[in-house]
Amino acid sequence: MKREINSLGEISLDTIDWTDLKKRHGTFRVVSKGSGRDKKTSGRVGVQTVIGDIEESVWIAAVKHMVNAKGEEWLLDALQQWYLDNAAWCKGNPAEAQVEALEALASKLFDRTEWVGYEAFNAQYRPHIMSGSA
């Protein structure tokens, strides 16, 4: 098992790239505090990447940092709108659409011709890709 990353300070933001933040799968672990009748349980939701199991809110912050550092805010906005308009599970749920957009950015999904939305997304938001003048 890779290490758990629970704060942004545990990630070297100056040297990471998209491959470091690409989601492999989600993770979940039950966290218990106390004992007996006073026992409280909660869950830790994470994102498994090549650098470790990153707590979800930390992963979101790291991907947003990369978006800002690379000047790709417009692409995040476009992907989020794409998911709101085209993904049934995101309709009316901007938070879910944002997570989907962040996953797509980290994996560069929009560059893969195998993606079901490749032609429609790129025709709408990146027409230079479709015209071959990238």
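The values are calculated or read from the model by the stated rules, or taken from the named source; none is laboratory data. Given the structure is predicted, the values throughout are model-derived calculations rather than measurements. Quick reminder, even Gly has a Cβ in these numbers, built from the backbone with ideal geometry, and neighbours come from all protein chains shown.
Just give me the residues in the range 1-27 being exposed (fewer than 10 other Cβ atoms within 10 Å of the Cβ) and either in the same structural domain as E100 (by TED's automatic domain parsing) or in a strand (DSSP E or B) (or both), in sequence order.
Correct list: H25 only.
Please list, ordered by first then second residue, the pairs with beta carbon atoms under 6 Å, 6 or more apart or interchain, first in the range 122-134 and modelled with pLDDT of 90 or more, second not aromatic (F, W, Y).
Note: pairs meeting the criteria are N122/I129; N122/M130; A123/M130; Y125/A78; H128/A134.
Tally up the residues in the range 111-129 that are outside any loop (DSSP other than H, G, I, E, B), touching a helix residue (DSSP H, G or I) at 6+ places or on another chain (Cβ under 6 Å) and crowded, with 16+ Cβ neighbours inside 10 Å, please.
Residues that pass the stated criteria total 4.
Identify, by number, the condition in (1) assigned to a loop (DSSP other than H, G, I, E, B); (2) modelled with pLDDT of 95 or more; (3) not aromatic (F, W, Y) that M66 doesn't meet.
(1)
Considering only residues that are surrounded by 19 or more Cβ atoms within 10 Å (Cβ to Cβ) and either over 17 Å from Q124 (Cβ atoms) or modelled with pLDDT of 95 or more (or both), which ones fall in the range 79-90?
L79, Q80, W82, Y83
What are the pairs with Cβ atoms under 7 angstrom where one residue, in the range 19-32, is under 18 Å from F110 (Cα atoms) and the other, located anywhere, is among the small types (G, A, S) and surrounded by 12 or more Cβ atoms within 10 Å (Cβ to Cβ)? Sequence gap at least six, or different chains.
L21/A62; L21/A106; K22/A106; K22/S107; K23/A106; K23/S107
Kindly evaluate W82 against the criterion of being part of a helix (DSSP H, G or I) and more than 23 Å from G9 (Cβ to Cβ).
So W82 passes the test.
Which of the residues spanning the range 90-110 are within 16 Å of the chain's Cα centre (by Cα) and assigned to a loop (DSSP other than H, G, I, E, B)?
C90, N93, K108
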